[in-house]
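*Asks:* Have a look at the structure that comes next, please.
The values are calculated or read from the model by the stated rules, or taken from the named source; none is laboratory data. Note that this is a predicted model, so its numbers are computed, not measured. Backbone-built Cβ (ideal geometry, glycine too); neighbour counts: all protein chains shown. In case anyone asks, the SASA skips ligands and DNA or RNA and just uses the protein heavy atoms, side chains included. Shrake-Rupley method; radii C 1.70, N 1.55, O 1.52, S 1.80 Å.
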Amino acid sequence: MLTILSIDLKAEAVNEIQLAFGDQLKPVGQLVSANERLVLIATEGNQPAVEMKEIITQLMLHKHFKLYKQQQDPEPIYGCREEKKRLIL
């Protein structure tokens, strides 16, 4: 994912990351690192989204960590897709 963002960031092809839960898309509201995991937690209510710069920084600092997304329970992230300047995980 870091490679995708690094390449796309220069071309400005992606300007936000969203997490898919069924048919719902939610922005990343928080990043938590622990136990060799980097968990991207979905926003709740009016919580602001984490800036792309911070997400990229955390991905760089934790390159060897496994990626997870979380709304209620953590789920491993196996892939992503690009859609309308968004990277959907």
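*Asks:* Identify all residues within segment 66-89 that are open to solvent by 40 Å² or more (accessible area, probe 1.4 Å) and part of a loop (DSSP other than H, G, I, E, B); write none if there are none.
*Replies:* Listed by number, the residues that qualify are Gln71, Gln72, Asp73, Tyr78, Gly79, Cys80, Lys84, Lys85.
*Asks:* If you go through segment 51-65 one residue at a time, how many are open to solvent by 70 Å² or more (accessible area, probe 1.4 Å) and assigned to a loop (DSSP other than H, G, I, E, B)?
*Replies:* 3
*Asks:* Are any of the residues in segment 49-60 without any contact (Cβ under 8 Å) to a residue 12 or more places away in the chain and more than 12 Å from the chain's Cα centre (by Cα)?
*Replies:* Scanning segment 49-60 turns up no residue that is without any contact (Cβ under 8 Å) to a residue 12 or more places away in the chain and more than 12 Å from the chain's Cα centre (by Cα).
*Asks:* Considering only segment 32-50, state which residues are open to solvent by 40 Å² or more (accessible area, probe 1.4 Å) and touching a helix residue (DSSP H, G or I) at 6+ places or on another chain (Cβ under 9 Å).
*Replies:* Ser33
*Asks:* Do we find that Lys10 is assigned to a helix (DSSP H, G or I), under 18 Å from Ile88 (Cα atoms), at pLDDT below 90 and out of contact with any Lys or Arg (no Cβ under 8 Å at 6 or more places or on another chain) in this structure?
*Replies:* Considered against the rule, which asks whether it is assigned to a helix (DSSP H, G or I), under 18 Å from Ile88 (Cα atoms), at pLDDT below 90 and out of contact with any Lys or Arg (no Cβ under 8 Å at 6 or more places or on another chain), Lys10 comes out as no.
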